[in-house]
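Worksheet: one structure, shown below.
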Amino acid sequence: MHRSPTVETVLLLLQSAILVRLVIRVLVTKLFRKYPCFFGYLLVACAQALVFLLVPYDSASYRDWWLITQALLTCFCALIVLELYGLILSDLTGIASFSRLYLKISIGVAILVSLLLLLVEKTPHDRYSGFMVVDRAIVTSLLVFVLLLTAFLVYYPIPINRNLVVYSIGYAVYFLAKAGFLLAVNVSNTGYRLFGIAVITASTVCMLFWLVGLSSRGEEKTLVIGHRWNREDQDKVLERLKAINASLLRAGRQ
Amino acid sequence: MIGLAIALVVAFLTAVFIALFIRLASRLDAEQCTSEWLDNFSTSDYAPMRRLFDAKDFEFLASQPGYRPEIARQLRAERREVLAGYLQLLIRDFNQLHTLARMMLVQAAEERPDFGKALRRQQITFYYAVMAVRLRLVLMPLGWTAPDVSRLLEPIESIRLHMQRMAPHSADAA
């Protein structure tokens with residue numbers, strides 16, 4: 001049987017080990033209930049790693065499996081991002097209309113930016129390069145969307161938990177690496193192997209980051225204050241908000 | 001060439017993401033979110049700023065024996081420095097007030113689109129006024145007139161007024 005080249009094999013083995021541990025972590029901490037799409041993504045990534053380790057590297061079925069699993073992973077990426085920001089923006093009564101409007105504008109801008117990049121890409125010559133153009137467009141739009149939503153979170157002090165920040169950083173790194181390399185491949189029509197190594201490396205780094213960063217304690221919803229995440233800080237800020245309101249009411253009566 | 005352009009875009013986006021995540025992890029300074037600060041804060045502290053380039057001061061100076069135009073030029077230069085210092089303090093206070101207002105908005109029990117819109121509008125108005133004042137400060141030695149600082153204080157007063165109206169709603173939520 002033909003094996004994949006050494007670098008890819010080593011990376012795949014490393015990724016598989018991290019993936020298995022991450023799946024166990026998500027199961028044990030019961031995070032899969034809150035983040036079903038993320039859990040689905042991990043399962044598909046597990047299946048992809050298994051296929052890559054079993055199917056001969058230079059066979060036609062390897063490429064077909066790559067196409068199928070990669071399409072599924074891209075779909076799950078889109079679902080994960082929607083799941084993530086749905087959770088963040090779900091109970092914002094004070095800025096509900098504006099957050100909805102911002103969401104719509106962000107989606108519009110993200111799609112526009114990703115479509116504009118089609119102008120610099122070469123015309124696909126087969127179904128694989130065609131798929132990579134579509135994949136790049138989706139991943140770029142997700143990247144722009146994550147960027148705009150992070151800016152929104154920086155502007156408004158919306159209560160978010162530590163896990164959501166860890167997820168966001170992971171997605172940003174992964175989408176950035178994947179979109180950059182996909183665009184480079186689609187523009188030059190070369191470097192497919194380098195692209196493969198880069199994407200596996202980026203996803204492995206992200207999974208390692210999620211493995212280290214995600215925990216059940218990270219689910220405690222709190223304001224993010226000065227690099228610390230805990231309930232005490234949130235209570236302190238809410239106490240101060242009450243005092244500020246009292247102060248404003250006093251000033252209003254004067 | 002295109003490869004280099006892609007690499008530059010990726011590097012730029014990486015820098016933007018790093019900056020955003022650092023800001024996200026430290027976007028509120030709990031020590032500064034105090035009612036004491038709000039109690040002590042007043043735009044009247046900035047009243048002397050309005051009089052820095054009052055024509056009467058310069059007329060009085062010109063009427064004094066031994067007056068030379070260089071003395072007035074020196075005074076203007078010193079007052080430009082004072083105004084630049086006031087501007088720094090004002091920007092810090094505006095940002096503090098704006099952060100408190102955004103916090104109230106996010107924690108509100110009911111939707112207040114008017115308040116949100118006013119906050120965004122006042123932020124743009126304030127920074128536009130800051131830019132205009134800074135430009136005037138740079139151009140003053142070339143003969144431009146003194147900046148109108150009252151426009152700097154209007155957005156602050158407006159935000160404070162909105163916050164007072166908002167307080168009962170926000171107090172219920174908190």
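The values are calculated or read from the model by the stated rules, or taken from the named source; none is laboratory data. Since the structure is predicted, the reported quantities are computational estimates derived from the model, not experimental observations. Counting neighbours? That spans all protein chains shown, and the Cβs are built from the backbone with ideal geometry, glycine included. Accessible surface is based on the protein model in full, side chains and every heavy atom, while ligands, DNA and RNA are left aside. Shrake-Rupley method; radii C 1.70, N 1.55, O 1.52, S 1.80 Å.
Ranking B:LEU100, B:LEU75, B:GLN164 by how far each Cα lies toward the positive end of the dipole of the range B:47-174 (charges on Cβ) leaves B:LEU75 at the top. Charge dipole (Cα centre; +1 on Lys/Arg Cβ, -1 on Asp/Glu Cβ; no other charges) of the protein assembly as shown amounts to roughly 100 debye. Overall, the accessible surface of the range A:1-63 at a probe of 1.4 angstrom is composed of carbon and sulfur to the extent of 71 percent.
Residue separation times 0.36 nm, minus the C-alpha to C-alpha distance between B:ASP39 and B:GLU154: what's the value?
Taking 0.36 nm per residue and subtracting the Cα distance, the gain is 39.5 nm.
With protein chains left intact and a 1.4 Å probe, residues in the range A:146-219 average 31 Å² of accessible area per residue.
Translational diffusion coefficient of the range B:34-91 (Stokes-Einstein, Kirkwood radius from Cα pairs, 4 °C, 1.567 mPa s): 97 µm²/s. Across the range A:1-148, the volume of the C-alpha convex hull divided among the residues equals 124 Å³ per residue.
When only alpha carbons of the range A:34-81 are considered, Rg and Dmax amount to 11.7, 39 Å. Treating r as the C-beta distance of B:MET131 and A:SER90 and R0 as 41 Å, the FRET efficiency rounds to 0.65. Sites count as exposed loop sites when they are chymotrypsin sites (Phe, Trp or Tyr not before Pro), lie in a DSSP loop, and have at most 13 other Cβ atoms within 10 angstrom; the longest stretch of chain B without one is B:68-143. Each 10 Å bin from zero holds the following percent of Cα-Cα pairs in the range B:1-122: 10, 22, 23, 19, 16, 9, 2, 0. Ranking B:ILE18, B:LEU89, B:MET140 by how far each Cα lies toward the positive end of the dipole of chain B (charges on Cβ) leaves B:MET140 at the top.
What part of the accessible area of the range A:86-162, given as a whole %, is carbon or sulfur when the probe is 1.4 angstrom? Summing carbon and sulfur atoms, their accessible area is 74 percent of the total for the range A:86-162.
Hey, what's the Cα Rg ratio for the range A:1-88 versus the globular rule of thumb, 2.2 N^0.38 Å?
Against the empirical 2.2 N^0.38 Å value, I get 1.21 for the range A:1-88.
Report D for the protein assembly as shown in µm² per second (integer): Stokes-Einstein, Kirkwood Rh on Cα pairs, 37 °C, 0.692 mPa s. Translational diffusion coefficient: 130 µm²/s. With θ taken as phi - 60° and the Karplus curve 6.51 cos²θ - 1.76 cosθ + 1.60 applied, the whole-hertz 3J(HN,Hα) list for the range B:124-136 is 5, 4, 5, 5, 5, 5, 4, 4, 5, 5, 4, 4, 4 Hz, x standing for glycine and proline. The residues of the range B:74-137 expose on average 49 square angstrom of accessible surface per residue, using a 1.4 Å probe on protein heavy atoms.
Volume of the convex hull of the range B:97-158 (Cα atoms only), normalised per residue: 68 Å³. Estimated from the Cβ-Cβ distance and a Förster radius of 22 angstrom, the FRET efficiency linking B:GLU78 and B:ARG50 is about 0.85.
In plain terms, the chain from A:SER59 to A:VAL120 could stretch by 18.9 nm, reckoned as 0.36 nm per residue minus the Cα-Cα distance. Each Lys and Arg Cβ is given +1 and each Asp and Glu Cβ -1; about its Cα centre, the range B:12-119 then shows a dipole of about 480 debye.
Contact with the other protein chains removes 50 Å² or more of accessible area, compared with the isolated chain and a 1.4 Å probe, from these residues of the range A:145-163: A:LEU147, A:THR150, A:VAL154, A:TYR155, A:TYR156, A:PRO157. Put simply, the C-alpha atoms of the range A:175-221 give a gyration tensor, and the ellipsoid matching it has half-axes of 31, 11, 4 Å, longest first.
With every protein chain present, what is the per residue accessible area of the range A:4-91 (1.4 Å probe, Å²)?
Details: 4160 Å² over 88 residues.
Per residue, the range A:4-91 has an accessible area of 47 Å².
The value of relative contact order for chain B, using C-alpha pairs under 8 Å at least six residues apart, is 25 percent.
What's the buried accessible area, both sides, between A and B using a 1.4 Å probe, rounded to 100 Å²?
Adding both sides of the contact gives about 4600 Å².
On C-alpha positions alone, give me the angle between the axis of helix B:69-107 and the longest principal axis of chain B, in degrees, nearest 10. Result, in degrees: 20.
Considering only B:SER63, B:LEU4, B:THR125, and ranking their Cα positions along the charge dipole of chain B that arises from unit charges at the beta-carbon of Lys, Arg, Asp and Glu, the one farthest toward the positive end is B:LEU4. Over the Cα atoms of the range A:87-178, what is the Rg over Rh ratio if Rh follows Kirkwood? Result: Rg/Rh = 1.06. Estimated at 0.36 nm per residue, the fully extended path between B:ARG92 and B:ARG68 surpasses their Cα-Cα distance by 4.9 nm. Taking all Cα pairs closer than 8 Å and separated by 6 or more residues, the relative contact order of the range A:9-145 comes to 22 percent.
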